[in-house]
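The values are calculated or read from the model by the stated rules, or taken from the named source; none is laboratory data. Not measured: the values here are computed from a predicted model. Here the Cβ is made from the backbone with ideal geometry for all residues, glycine too, and neighbour counts use every protein chain on show.
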Amino acid sequence: MERQPPVAPADEIDLYVRTYTSLLRSSGYVDVRAFEEVHSYSASSLHDGALASDPDVSAFAYAAGRLPLEMPDVRRIVLGQSHELFEAAGLDVRTWEVVKTRGRRRPLRWDGSGTLGVFIASASDIDDLVPIVTAYQIEWNKMHARLRSLPPDGPGASVAQALGLDDAGAAKLAEAFGSRFDEAIRAVAAAPLDLKIRMLAASHSQYQRAAQRWWSGVEPAYLGSGGSRRPVYFVSSNTHAIANLVGGFAREHRDEIVDWTRGTNPEGLSPELDRAIADGDEIRFAALLNYLLRGWIGADPTGERLHAVRAFEQRGGLSNLAVPGNVYVDAQIVELGRVDTGRIDPRLRVPGIEKLRASDAVILNIDYPLGMAAYYLLSRLGQGIGELRGVYVMGKAATLNGRVGDVSLSGSCYDEHSRNTFLFKNALGAADVAPWLQHGSVFDNQAALTVRSAFLQNRRYMTAFYRGGYTVLEMELGPFLGAVYELIYPHALPLDEIVHLSDKTPFDLGFLHYASDTPYSRRQSLLSKSLSYFGVDSTYACAIAIVRRILAQEVARVRAAER
């Protein structure tokens, strides 16, 4: 039965998008306060306290985590797609300081005197950034109204009392400002915030040029010394799970990591590691080693351990490409014929894995593009490679029917960008994930909704889709499927149609989402658990399912060629 998208009562969301889209067409700066009313009345699930007089510290912390620590000094924000656009506007961003955020991998430049330059890779960056900046300003000004009477020489413990925060709220505010807490609080108390934002001439062709710059950084490693366009299994996931599973560094250096863990007991995991060793539980031991590797690397201030890991992985056919083409989407290339099958994680040992030696294929893994950037990057990759043998996506999502850490697999997707409903055959099922998931549940045969951004959804909107059977809210599946459509059909992606990919795709499609948010409950989030061993359980289960599928497919191909 074909699933039709319901008519969602989202007029307030649509009005918000139309407002900032039209205003940002201006050639000059736009006051962020012009967005505040439509933002507040959109009833965003991430900012449900927007209209209240009390500060919504949760919304502020979410926004602050996706903006640089320099934000208390920022007065102007400029969005552009390339250095050339910035320079044409008289902004020499090449000489500005590179700054970063904790929750978004987005290229940012800071001039040190009030202006923040933001490189955008697709329209999704605008959908993401405008509500974040607007929420930040709304909540800053609420806090200013309560803190302006505090002594300017350091309000200290009186901040929480003045803002009406409990211990949890005070901790969120401290996390929001990070190492600049005292300075930032003084800035909040001193003056209201009146940000201005400007978008330089954005265009579809500029987004394509950004994707081309990214591919120009990936292509030399993909071609390798032989210069051939090898078959590709495309994966979108994180950059640590597949590297740890396939690279084998942790297993080869197990004694060093075990000794470090016993000496430092990170996150209290030393007893857990000792139990896995005593029980002879190779699977649990491998999972712990892979997780602890990151802490072991981070404990070395010289960077020598990271260099040793990268060199080890390179010898085993795994190349890491950080920020190729100055687009903040890292890439990895795994040459399957060079993988040391004796060192890989035991959970990857599919029957006949020794046959991989005869493979000429590669896994090309990219690091979580945001929204429509997924469409541009996969489209460009499809133009530059040889045979595409599979597209696999591990994404994070809000779940309307599960818990944080659960995994959902969909067979259909409604995409807000194109207004298409995609129907496809998912090559992965619950049985591919469940054996490797220790702390959550797996649900297949779900339906996904690709939203424009985390802020651009509210409870009434989500309820309408939930009633229509949509349970997975995420940001990249629709754009990826749009790119897949254009890779297999001789014309551009249609709009507002039901698109059948089930019987037309000549390569594997595998899509999994782990739940990082449960908006129907209490806005639980994996953000607070991101450094926890138990918090990454679902990501590793998804990565294992994807890599096992790829290895099994490639082993079957090699065997067929030998006959």
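Say whether the condition of being in the same structural domain as I138 (by TED's automatic domain parsing), among the polar types (S, T, N, Q) and surrounded by fewer than 15 Cβ atoms within 10 Å (Cβ to Cβ) is met by at least one residue in segment 78-85. Explain how you work it out, then say what you get.
Our first condition is that a residue be in the same structural domain as I138 (by TED's automatic domain parsing); within segment 78-85, this holds for 78-85.
Still in the list and also among the polar types (S, T, N, Q): 81-82.
Within this subset, residues satisfying the condition of being surrounded by fewer than 15 Cβ atoms within 10 Å (Cβ to Cβ) are none.
Looking through segment 78-85, none of the residues is in the same structural domain as I138 (by TED's automatic domain parsing), among the polar types (S, T, N, Q) and surrounded by fewer than 15 Cβ atoms within 10 Å (Cβ to Cβ).
One residue stands out in segment 54-99 among those that are under 21 Å from the mean Cα position of the chain (by Cα) and among the β-branched types (V, I, T): the one that is nearest to Q137 (Cα to Cα), namely V99. Looking across R75, R109, one residue alone is without any contact (Cβ under 8 Å) to a residue 60 or more places away in the chain and within 19 Å of R198 (Cβ to Cβ). It is R109. Taking segment 120-225 as the region of interest, the helices (runs of 4 or more DSSP H) fully inside it that hold 1 or more residues being modelled with pLDDT of 90 or more and under 30 Å from the mean Cα position of the chain (by Cα) are 123-147, 167-177, 181-190, 204-223.
Is it the case that F422 is in a strand (DSSP E or B) and of a type in the set (F, W, Y)? Outline the logic, then answer.
Working: in a strand (DSSP E or B): yes; of a type in the set (F, W, Y): yes.
Criteria met by F422.
Let's see how each residue does on (1) outside any helix (DSSP H, G or I); (2) in the same structural domain as F455 (by TED's automatic domain parsing); (3) surrounded by fewer than 16 Cβ atoms within 10 Å (Cβ to Cβ); (4) in contact with a helix residue (DSSP H, G or I) (Cβ under 6 Å, 6 or more places away or on another chain):
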position	(1), (2), (3), (4)
S40	no, no, no, no
G49	yes, no, no, no
Y62	no, no, no, no
P68	yes, no, no, no
P72	no, no, no, yes
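Every test in (1) assigned to a strand (DSSP E or B); (2) touching a residue at least 40 places away in the same chain (Cβ under 8 Å); (3) of a type in the set (S, T, N, Q) is passed by N401 save one, and that test is (1). Return a yes/no flag: does segment 298-306 have any residue that is exposed (fewer than 15 other Cβ atoms within 10 Å of the Cβ), hydroxyl-bearing (S, T, Y) and closer than 28 Å to P107 by Cα. Within segment 298-306, one or more residues are exposed (fewer than 15 other Cβ atoms within 10 Å of the Cβ), hydroxyl-bearing (S, T, Y) and closer than 28 Å to P107 by Cα.
Step by step: first the residues of segment 226-238, then only those that are within 16 Å of G317 (Cβ to Cβ) and part of a loop (DSSP other than H, G, I, E, B), then the one that is modelled with the lowest pLDDT. Which residue is that?
Let us first name the residues in segment 226-238 that are within 16 Å of G317 (Cβ to Cβ), namely 226, 228, 230-233, 235.
When the remaining residues are screened for being part of a loop (DSSP other than H, G, I, E, B), the result is 226, 228, 230-231.
Numbers: G226: 84, S228: 91, R230: 96, P231: 97.
Ranking the candidates gives G226 first.
Close contacts from segment 50-70, counting a first residue that is at negative phi and a second that is among the aromatic types (F, W, Y), with Cβ to Cβ under 7 Å and a gap of 6+ residues or different chains, come to F60/Y136; A63/Y136; A64/Y136; A64/F177; L67/Y136; P68/W110; E70/W110. Counting only residues that are free of Cβ contacts under 8 Å to residues at least 12 places away in the same chain and not in a helix (DSSP H, G or I), segment 239-259 holds 1 of them. Considering each residue of segment 191-204 in turn, at least one proves to be of a type in the set (D, E, K, R) and farther than 30 Å from E474 by Cα. Considering G337, G411, the condition of being free of Cβ contacts under 8 Å to residues at least 40 places away in the same chain, under 26 Å from A434 (Cβ atoms), assigned by TED's automatic domain parsing to the domain that holds L487 and of a type in the set (G, A, S) is satisfied by G411 alone. The residues of segment 428-462 that are surrounded by fewer than 20 Cβ atoms within 10 Å (Cβ to Cβ), part of a loop (DSSP other than H, G, I, E, B) and modelled with pLDDT of 95 or more amount to a single one, G429. Regarding segment 121-128, can at least one residue be identified that is in contact with a His (Cβ under 7 Å, 6 or more places away or on another chain), in the same structural domain as H47 (by TED's automatic domain parsing) and crowded, with 23+ Cβ neighbours inside 10 Å? No: zero hits.
So, of the residues in segment 74-115 that are assigned to a loop (DSSP other than H, G, I, E, B) and touching a Leu at 6+ places or on another chain (Cβ under 7 Å), which turns out to be farthest from W214 (Cα to Cα)? Taking the candidates together, the pick is R75. What do you reckon, is Y533 touching a Ser or Thr at 6+ places or on another chain (Cβ under 8 Å), buried (at least 19 other Cβ atoms within 10 Å of the Cβ), within 24 Å of G440 (Cβ to Cβ) and modelled with pLDDT under 95? So Y533 does not fit the description; no. Here is the figure for segment 469-507: residues that are in a loop (DSSP other than H, G, I, E, B) and on the phi < 0 side of the Ramachandran plot total 19.
How about segment 241-293: which of its residues are of a type in the set (S, T, N, Q) and surrounded by 15 or more Cβ atoms within 10 Å (Cβ to Cβ)? Listed by number, the residues that qualify are N244, T261, S270, N290.
If you go through segment 358-373 one residue at a time, do you hit one that is in contact (Cβ under 8 Å) with a residue 12 or more places away in the chain, surrounded by fewer than 20 Cβ atoms within 10 Å (Cβ to Cβ), in the same structural domain as V547 (by TED's automatic domain parsing) and among the small types (G, A, S)? Within segment 358-373 (the criterion being in contact (Cβ under 8 Å) with a residue 12 or more places away in the chain, surrounded by fewer than 20 Cβ atoms within 10 Å (Cβ to Cβ), in the same structural domain as V547 (by TED's automatic domain parsing) and among the small types (G, A, S)), the answer is yes, since at least one residue qualifies.
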